[in-house]
1. On a full-extension model of 0.36 nm per residue, what is the gain between LEU21 and TYR247, subtracting their alpha-carbon distance, rounded to one decimal in nm?
2. Starting from the Cα of ASN330, step 7 Å along the direction of its Cβ; do the same at LYS8; then give the gap between the two resulting points in nm.
3. Across region 377-386, in residue order, what do the Karplus-derived ³J(HN,Hα) couplings come to in whole Hz, using 6.51 cos²θ - 1.76 cosθ + 1.60 with θ = phi - 60° and x for Gly and Pro?
4. For region 25-76, what is Rg from Cα atoms divided by 2.2 N^0.38 Å, rounded to two decimals?
5. Between LEU205 and GLU458, what is the label-to-label distance in nm when each label sits 7 Å out along the Cα-to-Cβ direction?
6. Within 10 Å of each residue's Cβ, count the other Cβ atoms and sort ILE227, ILE261, ILE362 from fewest upward.
7. Give me the distance in nm between label points sitting 7 Å out from Cα along the Cα-to-Cβ direction at GLN377 and ASN468, one decimal.
8. Per 0.36 nm of contour for each residue apart, how much would the distance between ILE449 and ASP65 grow if the chain were fully extended, relative to their Cα-Cα spacing?
Amino acid sequence: MNQEKTKKLLLFNTLTRQLELFKPIFSPRVRVYTCGPTVYDHTHLGHMRTYTNTDILIRTLKYCDYQPYQVMNITDVGHLTSDRNTGEDKLEKAAQREGVDAWQLVKKYSQEFFGVLDKLNINNPSVTPKATENIAEMILLVCELEKKGFAYQIDDGIYFNTSRFSNYGQLANVSLADLEEGARVEKNIEKKNPTDFALWKFSNLKENRQMEWPSPWAKRGFPGWHIECSVMAMKYLSDCFKGGKFYPERFETIDIHTGGIEHINVHHTNEIAQSEAATNKKFVNYWLHYNWLQVDGRKMSKSLGNFFTQKDLADRGYQDLMFLRYLFLNTHYRKRMNFTWEALDQAKKTYQEIIYLLRKIISQEEVINQETEEFRQTEKTSSYFTDFNKAVTTDLNMPQALAVVHRVLKDKGLFGSTRWHILKNFDQVLGLDLEKQVSGALRESKKKIPQKIKTLVEVRQKNRQEENWRQADLVRAQIEAGGYLIEDTPTGPKLTPKK
Ligand code: AMP
Ligand code: ZN
C-alpha cells in the first residue's frame, strides 16, 4: 500500500532535550496550544516563519491520522517592553504613535496577521481567543494562586513567588540560581526573588491607560503577560472555567505547546510555574520551539528594526507568498535561518520550476483527480512514500521531505500522472498549494490569447528582468489597452480578459 502512513511521529521535546515518540493523551485527538502574536505592529517575516512551521506541525498531525485541535491566543493587551515587567507598554505606545485607540490598533494588525496567514496557505487554528476576552478568567487564576500561597502583593501588583515552586526552571534546563543570575538587571527591589514575575499589574495612577480593568486588588489594573497563555490553554483545551468559577481539577495535561525559542527561559518557564502551581498537574507533555529567522546574523525583530513585511515583499515583486513558504521549508524548524533576497529569488525559481514541470506532466485537467493503477500498485511509489513519511515523522524534517519531492519529479520511470498523485499526497503536509497552482496554470494555457498580447507579455518580462520598470509599466498599459489584465504569479505572468 503506497499511501500507508507511519504513525510513529518523533518530536524533539524541549522539556527533555530529546526526540520522543509522540503519544497524545486522548488519541486521535491532539490538543495543541500556540503562542500567538502581539498585534501592535506589522507581521514580519520572522512571524511568518514561525507560523509556517506551526502549520507544518498541524498538517503532519493530520497526515498521521490525528485530529488536532489548536488554540492560538491573540495578545491584544499590552504587556511591558521588557519580559521582566518593567518598561513601557508596547501596545499603548504604538496606539499613541499611530494616533488611534488601542482597540483600533489591535483590529488593524490582527486583520493584517490573518491575511498573511491566508497568503502563506496556513490553516487557521481551531480557535483564536483574544486576551481581552479572558480577563475575568485571568483574575480567577491569580486568586487561585493566592489561595494556594504562590502569589504575593507588592506596591505595583501581584507577583508569583518562584521559590515556592520546586520545579522552577525545568524547561530552561537551569536552576533557579542560574535564572536569578540572568535576572539581575531587575529593578523591582520589593520582589522576593529576582525571577518572580507579575501575575497582575496595578495601573500607575499618574498614567492614562486605555486598557485596564477592575480587580479584587485594585480599581485599575491589567494582566501580566504570561497569565493569558495559561488561562487560554486551560479554558479552551480543558474546559476549566465555568459560570464565573475556576475548576483546577478539570485540567488535563495539554499534548503540545509551541512558540519561539526566546520564550523558553521566561515566558514558557513562567507559564509552567503558574499553571502547575494552580492545578497540581503537569501542564504540557511536549514543548516545541522554533528557531529564529535572522538578518545578517541577528534575529529579525521589531525592536532591532531589521524586519521585512508583506509590503516590502510586494514592493519587490513578491505578491505571492508561496515562494516564501517554499523558502522556509528548506530549513529545519530547529535551525536558525538567515534571510536574503537572493535566497528568496532562488526559492521562487525552484518553486516555479516545480509548477512548470507539473504542468508539463499533467497535460489534461482530468488527470488531476484520477489516481492511476500504477500509483496504487508499484513498489517504487511505495518507496517514495516510505522516504517522505520518514522525513516528516522524524521531527518534521521538511528539507528531507523536499528532497523526496524533487526525486519524484525527476523520475521518468513513472507515468506523469503517477508522479502527480504522489506529490498531491505529499502536499497535504507541505501546503505548497500545488493543485491550485497547477490547475490554474492549466486553465490559463487553454485560453486563446492573441499573438500580439503574448509578444507584449514577453517584452514586459524582459523589461522586468532588466529592471527597466518604467518600460515594463508602459507595456503593461498596452496589454491592458488590448483587453487583458496582467498579474505576476508563481507560474509567471497571469492574464485575465477584462470584463
Ligand atoms: P510576537 O508578536 O513578537 O509576540 O511574536 C509572535 C511569535 O513570532 C513568537 O512565537 C515569536 O517567537 C515569533 N517570532 C518573532 N520574531 C521571530 C523571528 N525573527 N524568527 C522566528 N520567529 C519569530
Ligand atoms: Zn504564550
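1. Values: separation 226, 0.36 × 226 = 81.36 nm, distance 3.07 nm.
78.3 nm is the gain from fully extending LEU21 to TYR247.
2. My value for the distance between the label points is 3.2 nm.
3. 9, 6, 5, 5, 4, 4, 5, 5, 5, 4
4. Details: Rg = 12.8 Å, N = 52, 2.2 N^0.38 = 9.9 Å.
For region 25-76, the normalised Cα radius of gyration is 1.30.
5. Going by the 7 Å Cα→Cβ label model, 7.9 nm.
6. On the way: ILE227 29, ILE261 16, ILE362 21.
In increasing order of surrounding Cβ atoms, one gets ILE261, ILE362, ILE227.
7. For GLN377 paired with ASN468, the spin-label model returns 5.5 nm.
8. Details: separation 384, 0.36 × 384 = 138.24 nm, distance 4.45 nm.
This chain segment gains 133.8 nm when fully extended.
FYI, it's all coordinate maths here, none of it is from the lab. Everything numeric in this text was worked out from a predicted model, so none of it was measured. Don't worry about glycine lacking a Cβ; one is built from the backbone with ideal geometry, like all the others, and counts go over all protein chains shown.
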